[in-house]
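The structure appears right after this line, and notes come after that.
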Amino acid sequence: MHGRPRKAPKPEDAAASAAKVEKLRSLQSQFLSNHHNKIYTREALEVNAKLLEINPEYYTAWNFRKLAVEHRMSQPDSDPDSVKSILNEELKVVESALKQNFKSYGAWHHRKWVLSKGHSSIDNELRLLDRYQKVDPRNFHAWNYRRCVLLSNLLKRKVQRFFPKEVVLNEEYNLVHQALFTDPDDQSGWFYHLWLLDQTVKADVPLLVSSWPAHDDLILLGDRNLDDCALSPFTTFHFYSGTFPLIVCFDQAVEGVNSSTISVETVLNTEKELTWKPLSINDSKTSQVWVTHLNYPDAKLQSSEAYPVEVRVGHSKGIISSSGFLLNHTSRFVFKVLLQPIEKDPAGHGGEMISWGDGNFLLYETPSQKSNPMISLDQMNIMDEHEQKSSQWRAETIANEIALFQELLSEINCKIGKLTLARLLMARDILLSPCANKTVHSEEVIKLYDDLTNSDPPHSQYYKDERSLVLLQQITSSRESLLRYCFRHRDGTSSLIDNSFCLRLNNLSLSRMGSIEKLLWVQMLDLSHNELQSIEGLEAMQLLSCLNLSNNRLSSFTALGPLRLLKSLLVLDISFNEIGSHSIDTTRYLCPSPLSHSEEIVQSYDETVTGGVSLTDYWEAFLIFRGLNLSQLDIHGNAVADEKLNSFLVKIVPTLKWLDGGKLH
Amino acid sequence: MGELAAEKHVQYILSVEKRKDDFVSVVMEHLRMNGAYWGLTTLDLLGKLYTVDVDEVVSWVMECQHESGGFGGNIGHDPHILYTLSAVQNLALFDKLNVLDVDKVLLYSCMLSLILCRLNKINVEKAVSYIVSCKNLDGGFGSTPGGESHAGQIFCCVGALAIMGSLHHIDKDLLGWWLCERQVQSGGLNGRPEKLPDVCYSWWVLSSLIMIDRVHWISKEKLIKYILDCQDTENGGISDRPDDAVDVYHTYFGVAEFAFLPKAWMSLLDFNLSDLKSVNFVAGLSLLEYPGLKAVDPAYALPVDVVNRIFFGR
């Protein structure tokens, strides 16, 4: 049914077809009768072989042959010669079936089954494969079979030799360059090159990249009344509950983060053992970002004293990447905590509504220079000799690749070549960042992505997403650059905000989020008027209490899955998105739910709380909002929003005080 | 852009209905259970499932059940895991899962515990780790460890991981880029690099892209145009590529607005669908949010309301 040109059928074809139908019908009924009566005679096998020759997809017929072979081999008169001839016959039946359809799963499987009986030879099989692969060099059935045949052979000859990764990668780069320069339009080589680049840039061994609080930070905890002595947007933190989070972020997903692999020394903590929680949406055991909560007993501590907290990540071995590499040296950081007496009643939340209007924000002006929380951590990573060599090799390799592709692109216009150059330039920036902490190439990369968006419109959203990541990397590259986006909220009297610093990344055409590891300190975030379709990654921003996502392109409640991990979130604006406008939900399986067997919905709970509203209609909203403690929610301007939904939300979020600008009773 | 050439397809189906002894329909006898699933799902997406005689279908499905608990592709054929899945899907479409002796079916097929909400019956961790072992350096999946990435296989692996709540094992950006590069100049999708596009990949590639939230990386408009171009607008019918031969199996329910659907269902039982084209055609358009079609679930490959009924219904 594939690749047949469209043309009118001829009458003589119809007559021939009728005869074939007649023959096939009779073979099928004879065969089924033999099968049901377990008749394995020579005649029965011939009927079966004829049937398979015409229709190799008839799976019951292959089952019959296996039963027949086992029946005949178990006969008392069976000897090595007769076994050989029985199995030879099977190979012939497979070959004639493959002539009819060389992609027949049943036939290939039968051949493997015969081979598993210890029959045929590797040479024989490779000869057969050569024939089929000449007919269709991309036949994946044949390639998989070849792999299966050769694997058994290779394992015998395998020699255990160890090469350093660098040597192997250099050889592979040379190989793939030949392929790319010979035929730049063949995608396969580019996919391989991308993988090599990934292998080059990513260190195998996991690395701590950031934390909150960061090294040298002085964190102000407690009531907001003493705001005037606020240190900076990065370090001031108000909290009422007697605990504060400690967040560590690695360069890749790791497991094994616990109270023995990370030691925390402080007089503050009253808990004996800290519990570390992975910040992953689907509650897996591995995550790039981990959080624990430290208690502080407010009664006995003096407010004038700054209490040091010392954290050693990798204190004992056990933090391990998903590819099996252990974090191998300890990163130590120390921060200080200054406690303020709590004068306000924490229950007083919700006095006034937070307004996100531009008029409420003033650009933050930095009073004094403090250490940069983003570079301080990088400086702690001490490299051993091997790592220094290897990082030098990486930088050289990337520089070579950049020069090579700049040369290629000066000669030809190649889409994937441009994309590769953009990725290489970003890789160089990442490699340089620990020392320079500056994105040298981001302007050039953004230009490449703009260029690609214009020349390859079907994939423009891909380039846009990549561009967003580059832009965020640029914005977060230095403290100076970040401060340009830091504002103070004018409404200092509202008890809803713990901290009046707001990071405003609005109106930047962002289509996705990134660089979260540098934004762990953010408590109030304005992402409105972008083109966000996803907020993946936001789950790491544990300090967030106010979030504006209005006027974006979020298209379902399940897209808000990351918010479920933000237990401090009080104010949320998701107005003017596309929730309810789409019949297909692209985050249906990324957000834990009964559909992916990763979360139960308690049915009895639903009936009493939702008061007659069918959970089938609102299960997504139920999953997202029931665990949040929101005081203020804006949801209007979405197709899904109506009175019914609002009354549902009020029931499942009892803490809600403001909904769509109106005060609830 | 073209539109669904509904009237033409109706005429085409009428003309082939006369050829009940079509060779292909006899060759495909053994996968009638699949054919029924493709046809019935397509009908449901078009909002026309009510025209089918439920009891007739359910009793035929149950006649295909083997004493082991599994289902064959047709009456008298051996039980097979694929047809057991199709049989359960068919029953789910009609909200008739209650006719099954669930434990008996589960003994036969572990995979089904997923759809029947009996996940505790299988070793999920082992299943996940096998699938992850088939992952390749391009982010895709082959059919065995080390096998070349293939869009059909990727759908199976991504779908299985989705159902088992394990999509975090996938590098969504890497796989998403490989998948979005399946869209070729004409707007159609191919299944592997440097191969020709085919309508059926509108299902395999699209559903995978949707499950990992990267479907916006291809052009929906161009793909819809390509899919609609695969219709033979003169004589009706749907083919793999524009200007290739149409066939009845690609077409059967590729169109809405049949007045004679119960009769069409009968002919479905008689002909079978030879491959996935019809359901790929309609389901692909459904994934692209084409107006007038019900939404289809990218992992369970059943209409969204059927899946929601199973999980949230009672």
Among B:CYS134, B:CYS157, what is the fewest-to-most ranking by other Cβ atoms within 10 Å?
-> B:CYS134, B:CYS157
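Using only atoms on other chains, find how many Cβ atoms lie within 10 Å of each Cβ of peptide B:303-311 and report the average. Mind dumping the intermediate values first?
Working: counts 0, 4, 1, 0, 2, 6, 1, 2, 8.
For peptide B:303-311, the averaged partner shielding equals 3.
Filter the cross-link list A:LYS66/A:LYS92; A:LYS84/A:LYS117; A:LYS418/A:LYS518; A:LYS317/B:LYS126; A:LYS464/B:LYS222; A:LYS464/B:LYS195 down to pairs whose alpha-carbon distance in this structure exceeds 21 Å.
Details: A:LYS66/A:LYS92 14 Å; A:LYS84/A:LYS117 10 Å; A:LYS418/A:LYS518 28 Å; A:LYS317/B:LYS126 26 Å; A:LYS464/B:LYS222 18 Å; A:LYS464/B:LYS195 27 Å.
The answer is A:LYS418/A:LYS518; A:LYS317/B:LYS126; A:LYS464/B:LYS195.
Checking the a/c ratio against 1.5 first, then a/b against b/c, what shape does the Cα gyration tensor give for the range A:14-120?
Values: a/c = 2.40, a/b = 1.49, b/c = 1.61.
Oblate, since a/c reaches 1.5 and b/c is not below a/b.
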Over all viewing directions the Cα convex hull of the range A:506-665 casts an average projected area in nm² of 9.0
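Would you kindly state how much longer the chain becomes between A:LYS84 and A:ASP216 on full extension, computed as 0.36 nm times their sequence separation minus their alpha carbon distance, in nm to one decimal? Present the calculation step by step, with values, prior to reporting the outcome.
Working: separation 132, 0.36 × 132 = 47.52 nm, distance 7.81 nm.
Full extension from A:LYS84 to A:ASP216 adds 39.7 nm.
Here, each number is a calculation from the coordinates, and none is a lab measurement. What you see is a predicted model, and the numbers here were worked out from it, not measured in a lab. Counting neighbours? That spans all protein chains shown, and the Cβs are built from the backbone with ideal geometry, glycine included.
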